[in-house]
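These notes are about the structure you will find just below.
Since every read-out is calculated from the coordinates, none of them should be taken as a lab result. The shown structure was predicted, so the numbers you read here are calculated from the model rather than taken from an experiment. Note that each Cβ is placed from the backbone with ideal geometry, even for glycine, and that neighbours are counted across all protein chains shown.
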Amino acid sequence: MDTYNHILVAVDGSNGSNLALREATRLAKEMQAELQIVHVVDEATLNWDAEFADINEIRRSVRSSAQDILDEAAGVAREAGIEAGTRLMEIEVLGHTVSEMIAQEAAAWPADLIVIGTHGRRGLSHLLLGSVAEGVVRIAAKPILLVRGK
């Protein structure tokens, strides 16, 4: 088995990402690797112009929820004996994707391994929703471990 010194795991609060976090934490502990936990907020899609919505309040709420996801993930790692770094990334311009942000962070940090959960969707739901994990696989230059959600 390869040895990894820097493991990056992307979380979104879903069952699949929670399983990926557990696997990344296990690997980091086993390999005495650094663990970086990331979450991406797509603020570009929040740029609607609606009279009835307080867009700044919505952004604050989305960021707060994202930070809660990161804090909870860091707590899971800490309970396993790993002090993980966390990073909240924000997409502010249309045209960028969550997958690109994860791949860019993996290159910049620099990660030896990306761990990401997948929902395992097929058919129409996959076509309509796409897959962040699939996007990362297509563009990342790092090894990737996909963890399928149940």
ask   = Going highest first, how would you order 79-86, 133-140, 23-30, 5-12 by mean Cβ packing within 10 Å?
value = 5-12, 23-30, 133-140, 79-86
inquiry  = For the chain, take the longest principal axis of its alpha carbons; what is the angle in degrees between that and the long axis of helix 55-79, to the nearest 10 within 0 to 90?
reply    = 10 degrees
task = With only Lys, Arg, Asp and Glu charged, each at its Cβ (+1 for the first two, -1 for the last two), find how big the charge dipole of the range 1-113 is about the Cα centre; round to the nearest 20 debye.
result = 380 debye
